[in-house]
Amino acid sequence: GLRRSAHLRSTALVAPLGCLVSRQKHTLPDLPYDYGALEPHINAEIMQLHHSKHHATYVNNLNVAEEKYKEALAKGDVTAQVSLQPALKFNGGGHINHTIFWTNLSPNGGGEPKGELMEAIKRDFGSFANFKEKLTAVSVGVQGSGWGWLGYNKEQGRLQIAACANQDPLQGTTGLIPLLGIDVWEHAYYLQYKNVRPDYLKAIWNVINWENISSRYASCKK
């Protein structure tokens with residue numbers, strides 16, 4: 001009996017560590033449409049590079065950073081943990097942001113949202129046109145690389161527009177729940193729109209997936 005209880009005690013300790021060790025690695029999600037499906041608004045070459053190269057790199061580097069972080073945790077090496085934070089934020093953010101971005105777009109997108117989301121947009125921005133203008137302006141105005149976001153402020157129960165630098169994830173850095181993200185890194189548009197970010201932003205509204213954004217809005221209001 002004694003040996004058994006000692007064994008149980010040691011497995012009780014091992015179990016949580018075992019979960020850490022056996023945690024699934026992050027993987028690149030499949031696109032819900034073909035690389036060419038968003039043409040002419042976003043061409044196939046951009047989509048292929050953006051998804052299979054850029055997003056894949058964030059996923060790989062996130063897995064590497066988490067592996068190192070796990071080792072640092074196991075050793076109780078706080079200095080190493082702290083030094084890994086920027087890599088986790090950048091690659092973790094890149095993975096989170098792009099995973100949302102692909103579902104925010106659709107070949108059957110464009111137009112305007114319906115129902116509750118449209119009501120909320122009118123309530124918080126005055127009109128859909130006004131909202132579109134604001135989010136476009138914020139996205140155009142991002143200096144260097146970053147994202148324009150429509151988020152939900154749960155505390156205040158309202159929609160909010162925000163810009164994030166680099167790959168800073170919206171919720172992790174502002175507390176807003178992400179509904180719609182617009183990637184304004186040059187790799188998202190340069191091959192087609194060169195340095196003219198406003199043209200890319202004008203085009204992207206034709207492939208915005210309002211169904212996806214509406215269901216995100218409905219689930220964060222629960």
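Numbers below:
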| item | result |
| --- | --- |
| Count - residues of the stretch 86-115 that are open to solvent by less than 40 Å² (accessible area, probe 1.4 Å) and outside any helix (DSSP H, G or I) | 5 |
| Those residues of the stretch 29-85 which are more than 30 Å from Ser106 (Cβ to Cβ), buried (at least 16 other Cβ atoms within 10 Å of the Cβ) and of a type in the set (Ser, Thr, Tyr), in sequence order | Tyr69 |
| Residues that are under 20 Å from Lys202 (Cβ atoms) and not in a helix (DSSP H, G or I), drawn from the stretch 116-142 | Ser127, Gly141, Val142 |
| Selection count, the stretch 70-97, where residues are in contact with a Phe, Trp or Tyr (Cβ under 7 Å, 6 or more places away or on another chain) and either closer than 14 Å to Asp168 by Cβ or of a type in the set (Val, Ile, Thr) (or both) | 5 |
| Any hit, the stretch 195-204, residues being within 25 Å of Ile46 (Cα to Cα), open to solvent by less than 10 Å² (accessible area, probe 1.4 Å), of a type in the set (A, V, I, L, M) and touching a Gly at 6+ places or on another chain (Cβ under 7 Å) | no |
| Qualifying residue in the stretch 164-175 (condition: in a helix (DSSP H, G or I) and open to solvent by less than 40 Å² (accessible area, probe 1.4 Å)) | yes |
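The values are calculated or read from the model by the stated rules, or taken from the named source; none is laboratory data. If you're wondering where the values come from, they're calculated on a predicted model, not measured in any experiment. Using ideal geometry, Cβ is built from the backbone for each residue, glycine included, and neighbour counts are taken over all protein chains shown. Surface accessibility is based on the protein's heavy atoms, side chains included, excluding ligands, DNA and RNA. Shrake-Rupley method; radii C 1.70, N 1.55, O 1.52, S 1.80 Å.
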